[in-house]
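So the structure is just underneath, and the comments pick up after that.
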Amino acid sequence: MPQREPEKTFFDRESERFTFSEAGWNIDLALVVTLNGKPVVAAEPRDVLAADNPADDLTGFGRSDPKFPKLGARGAVVEIVALGTGRKVLALELPAEVRPPTDSLWAPVEFLAGVDPAGLIAPLKLTTRSGVEEVDSFFRHYLASTFRLGERLTPGFYRVVVAP
């Protein structure tokens, strides 16, 4: 068989170059971009940071200032969940007068309550501490005697959470 002559391989091909002619382009001056009032070619890096209205730069990304409603004065929030079903039985805000006798910051406190037809079976069992002893003892006494937790609930076992 005759030998083949060497040819160009795939990698030896010249790369194709796509070019566009700039002749005939019309740029509307109303579409020229500026940074801090300067044309892009004359802008400096600090002009990027000195935008006209920096609050609107990321509005499309959900980064606007959130609007929170003003909360009224309250003593605490009580939430009671039935342990058997996991359903919320009661959730209410206590009046502002019902405050623990301390100005210390405290975390939510949790109690376990057992209720029978006559009321609470035993004193509330503290399961999660608030970090302040006065708060724990205040709400244990308040929920049992003043709030009368045993009279508000049907028989069963409940998780009682009191939060600031």
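Within segment 63-164, list the trypsin sites (Lys or Arg not before Pro) lying in a DSSP loop whose Cβ has at most 15 other Cβ atoms in a 10 Å radius.
On the way: sites: R63, K67, K70, R74, R87, K88, K125, R129, R140, R148, R152, R159; in loops: R63, K67, K70, R74, R87, R129, R148.
Listed in order of number, the matching sites are R63, K67, K70, R74, R87, R129, R148.
Taking 4 °C and 1.567 mPa s as the conditions, I'd like the Stokes-Einstein D for segment 60-110 in µm²/s, using the Kirkwood hydrodynamic radius from alpha carbon pairs.
On the way: Rh = 14.3 Å.
Roughly 91 µm²/s, to the nearest whole number.
List the relative contact order of segment 76-163 as a percent without decimals, with contacts defined as Cα pairs under 8 Å and 6+ residues apart.
Numbers: 168 pairs, mean separation 34.6, N = 88.
Here the relative contact order equals 39 percent.
Just so you know, all these numbers are worked out from the coordinates, no wet-lab data involved. Computed from a predicted structure; not experimentally measured. Reconstructed Cβ throughout: ideal geometry from the backbone, glycine too, with neighbour counts over all protein chains shown.
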